[in-house]
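J.: Structure in structure tokens, see below.
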Amino acid sequence: MAQRNTGYERFRAALLDGRVRLGATLTQSDLCVILDMSLSPMRETMTLLQEEGLITVRKRAGVQVFHPDIDFFRANFQMRMLLEKEAVRRFARNASFEQLDELTQIHEACVADLRQAHPRSRSISRYCGVPVNAMPSAHTMPSTFTSAP
């Protein structure tokens, strides 16, 4: 990750609060005004932003702010799935029964909240792909997750 500097942090804040929009084309002067910086530190900031892929500087066209497309999301989602699967495998091999019990309690609290969130529970279950009333509880989970060997 790029070294942080004031301009870099201001740029990220401007993205989050909407002063800089994804996909926007700006001039260096626009960025100086938005980020309240002079040109010299702005150039250093732009180098960091380019290194992280947040902007592309185009001669005579300005500064293009990153705009994620479907391929970006697809690639990142696939990478996240791979990482999360491996994390779950490692956790399952190393988790204590206390940790599993704690996660079971958290899961049951979430299910209870979903059941009480009518009519939201229906829309949430649609996104999850599992009807709320069919979500497992500790009583329906495999015994390998709920009891000691």
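J.: Simple spin-label model, 7 Å along Cα-to-Cβ: K85 to T27 in nm?
T.: 5.0
J.: For segment 47-114, what is the Kirkwood hydrodynamic radius in Å, using each pair of distinct C-alpha atoms?
T.: 16.1
No lab work stands behind these numbers, since they all come straight from the coordinates. Everything quoted here is computed from the prediction, not taken from an experiment. No Cβ is skipped: glycine too gets one built from the backbone with ideal geometry, and neighbour counts run over all protein chains shown.
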